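Report on one structure; see the data block that follows.
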Amino acid sequence: MLYRLKDAGFQAFLVGGSVRDLLLGIRPKDFDVATDALPEEVRRLFRNCRLIGRRFRLAHVHYGDEIIEVATFRAAAAPPEVDDEDHREIDDARVSDDSGRILRDNVYGAIDGDVWRRDFTCNALYYNIADFSVWDYVNGAEDVHARVMRLIGDPELRYREDPVRMLRAARFAAKLGFTMHPDTRAPMDELAPLLAGVPAARLFDESTKIFLGGHGLASLERLVDFGLLPHLLPDTAEELSRDPAGPAAKLLRLGLAGTDARVAADRAVTPTFLFAVLLFGPIQRLALANIEAGASESHAWSDATDEVLSTQVRRVAIPKRFTLPLRELLVLQPRFDRRDGRRSLALLQHPRFRAAYDFMLLRAEAGMIPAEVAAWWTEIQTLPADERHERVAQLAPAEGAEPGEAPDGDRPRRRRRRRRRPGGGGGSDAPSA
Ligand code: ATP
Ligand code: MG
């Protein structure tokens, strides 16, 4: 596709993460192309092309389920050279607010201007398909080899233009295992609060890139380290700093590690489960406080979930199609503690059982509920209906003792730590099935 641009007389470069990743020997996630062709010209060349425009007009060329993003060179954001006539025109076309944030900039330029608008030097390498050369205006290749994240230009100015660059720094540093150049790290302490001015929808997009991109756990550590987490996930950050090694922190880390493993194995991941993992600590703390204050268990949990979510979505606009199932998933959690009675088997039929069960396994792994409760729910799913009823009936008073007559010895995690209190979990143990 690069060749079609070239053959039509345009410049065509591979840019951004793909060149960086190729240099590092990582398989690029996607390919971004920069060209001197205007978006309309790109569209004329490719039938399978759609123009999209949010912050900037881009052409998306579709190949099957792959999308190649083709961007026309943009004029420099912060012209590094002297202020001549040409640049005045560019400046007039730019709109920024008092904090220096760029609100609108849709000025086309040439490659040597385009490079200054890129964020980090490692993301500013251009691979020219005409002669396979790498064009490097900012010593990006050197920084890639030294594994250093360095902002192009004046770091403070660049963060003010777009505070999301601080989050991108954390994400790339985590993904690539790069260290931060001290000058690129330093302004964050003062500028992190600027994230409050970023639209919540954009922070949702960025959050999914951070946590569902395969390096979520490492990114979390960087966000904490850089002091950014309180500006993205305030309640989560507070929970983590209150009890950095507690069960909620453990659940968070296990959940993110599990998500990373799923991404590595090319398995589906969802924002629903992700935000359940991120917000469970604060929600649980609030739910327990509600119970302490006399609320019923189910009210305590649904109120706590609503309260934490409503604060969170003001900052990170998690769409309803994720928050609604998230709420269900969390509100079902207390029901795993009650295995006796008809309702326990009804839980298996609940449309959200699968997600709720996966989350319950995570709680067990974090030591929040006894391992044998998790094992029981794992096993019961494998049994035919009549045996399920038997199993519920077996939850007689001596529940803690091994039911020796278990027909199959296939009980994962059975030998994990058990912390059953004498007298068993919630509810009466009357076999009511
Ligand atoms: P990956 O696709 O692996 O997550 P990437 O580097 O390709 O990483 P993208 O978000 O796809 O990142 O952006 C493509 C390129 O556009 C970046 O490499 C960077 O040069 C530039 N870019 C993206 N967002 C910004 C930004 N907020 N400020 C400056 N430049 C940016
Ligand atoms: Mg990319």
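What follows draws every value from the coordinates through simple rules; no lab data is involved. Here the structure is a predicted model, which means the values were calculated and not measured. Ideal geometry is used to build each Cβ from the backbone, glycine not excepted, and the neighbour counts take in all protein chains shown.
With a Förster radius of 60 Å applied to the beta-carbon distance between D358 and E156, the computed FRET efficiency rounds to 0.90.
The phi torsions of region 117-134, fed into the Karplus equation with coefficients 6.51, -1.76 and 1.60 and a -60° offset, translate into couplings of 8, 6, 7, 9, 4, 5, 9, 10, 9, 10, 9, 8, 6, 5, 9, 6, 9, 9 Hz, rounded to whole numbers, with Gly and Pro shown as x.
3J(HN,Hα) along region 203-215, derived from phi through the Karplus expression 6.51 cos²θ - 1.76 cosθ + 1.60 where θ = phi - 60°, amounts to 5, 5, 4, 5, 4, 5, 5, 5, 9, 10, x, x, 9 Hz, with x in place of Gly and Pro. Each peptide among 297-306, 376-385 gets the average number of other Cβ atoms lying within 10 Å of its residues, and from highest to lowest they stand as 297-306, 376-385.
When only Cα pairs below 8 angstrom with a gap of at least 6 residues are kept, region 233-294 shows a relative contact order of 40 percent.
Listed peptides 47-53, 187-193, 3-9 appear in the order 187-193, 3-9, 47-53 once ranked by packing, highest mean of other Cβ atoms within 10 Å at the front.
Once the convex hull of all Cα atoms in region 289-349 is built, its volume per residue stands at 86 Å³. Taking a cut-off of 28 Å between Cα atoms, list the lysines near K175, but don't count ones fewer than 8 places away on the same chain. Straight-line reach from K175, under 28 Å: K29, K209, K250. Taken one residue at a time, the phi angles of region 252-269 give Karplus couplings (6.51, -1.76, 1.60, θ = phi - 60°) of 4, 5, 5, x, 6, 5, x, 5, 4, 5, 5, 4, 4, 8, 6, 9, 5, 10 Hz. Gly and Pro are set to x. Taking the centroid of alpha carbons for each part, region 1-63 and region 325-350 are 48 Å apart.
Only Cα pairs under 8 Å and 6+ residues apart enter the sum, and on that basis the relative contact order of region 131-195 stands at 38 percent. What FRET efficiency would be calculated for the residue pair E142, D30, taking the C-beta separation as r and a Förster radius of 30 Å, to the nearest 0.05? It comes to 0.75. With the alpha-carbon atoms of region 119-241 aligned to their principal axes, the span from lowest to highest coordinate is 52, 30, 27 Å, starting with the largest. Per residue, the Cα convex hull of region 332-401 amounts to 84 Å³. In this structure, the amide hydrogen of R74, modeled 1.01 Å from its nitrogen in the peptide plane, lies closer than 5 angstrom to those of G109, D114, counting only residues at least 5 positions away or on a different chain.
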